[in-house]
1. Separation of the range 106-169 and the range 21-46 by C-alpha centroid, Å?
2. Rank these for me by crowding, 243, 94, going from fewest to most other beta carbons within 10 Å.
3. Please compute the length gained on full extension between residue 122 and residue 229, using 0.36 nm multiplied by the number of residues separating them and subtracting their Cα-Cα distance.
4. May I ask for the Kirkwood hydrodynamic radius of the range 127-267, worked out over all distinct Cα pairs and given in angstroms to one decimal?
5. Want the number for residue 207 to residue 131: 0.36 nm per residue separation, take away the alpha-carbon distance, what's left?
6. Only one of the values [x] 1.12; [y] 1.17; [z] 0.98 was calculated from this structure for Rg/Rh (Cα atoms, Kirkwood Rh); name its label.
7. Fewest first, what order do 111, 261 take by the number of other Cβ atoms within 10 Å?
8. At what distance in nm do the modelled label points of residue 113 and residue 48 sit from each other, each positioned 7 Å from its Cα along Cα→Cβ?
């Protein structure tokens, strides 16, 4: 069935009060050009026909097409389940972590371990792949670990979204050593329930660098998928230390961390 068929004929319809309304195709064109949140909050209150159009797949598929939101696999365009949710997950996708590039010192980060001379921030020693990243967090000769806890409900991802649609939770983190000092990097990201107990965790082995390395930036990535019901928080933890116990800040550098929620990129 085509999108136009799903909407009905192009003839004018009447609402529950018997008043003549605009053709569905014209209504859809109007709705597509209105702010999306206004469409879902206000338009359904007018009449049953408007509510049906707001809940139709064709409206949100068209908005996705016009605004450039599409599944990672082009062949998957016709198998998306719930174009309205796909649209809002795509539109609202953003980094849920704060102060990820050390531009505000250690603000928003919970310091779990601050050994040696503790955490410090400084300019990147070598150019970062993301040109806008110029600052980094630097660890010392003792374990330096910091974290952030993301409350998904406060960020706009309510229980219905997380339990029914289970959107992808993507994490990434950039880290680099100093060329003249051996060091190590670690990361742990947990999906927590309402009691803040861990339901799933991404916790790879520590990454070690030897002295006289190439000081190259590396990216750690992971995607949580089909994680089940009950996820209410995301806990992001990372850090490291140098392995030669030099006074000062010769340990791992971390910056440009990210936790974002969105529809699957690959189908």
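Rule-based calculations on the coordinates, nothing more; no lab input. Note that the structure is a prediction, hence the values are computed from the model and not measured. Please note: Cβ atoms are built from the backbone with ideal geometry, for glycine as well, and neighbour counts cover all protein chains shown.
1. What the calculation gives is 39 Å, centre to centre.
2. 94, 243
3. 34.5 nm
4. So the Kirkwood estimate lands at 16.2 Å.
5. Fully extending the segment from residue 207 to residue 131 adds 24.9 nm.
6. It is the value labelled [x].
7. Neighbour counts put them in this order, fewest first: 111, 261.
8. Placing both labels 7 Å beyond Cα along the Cβ direction yields 6.4 nm.
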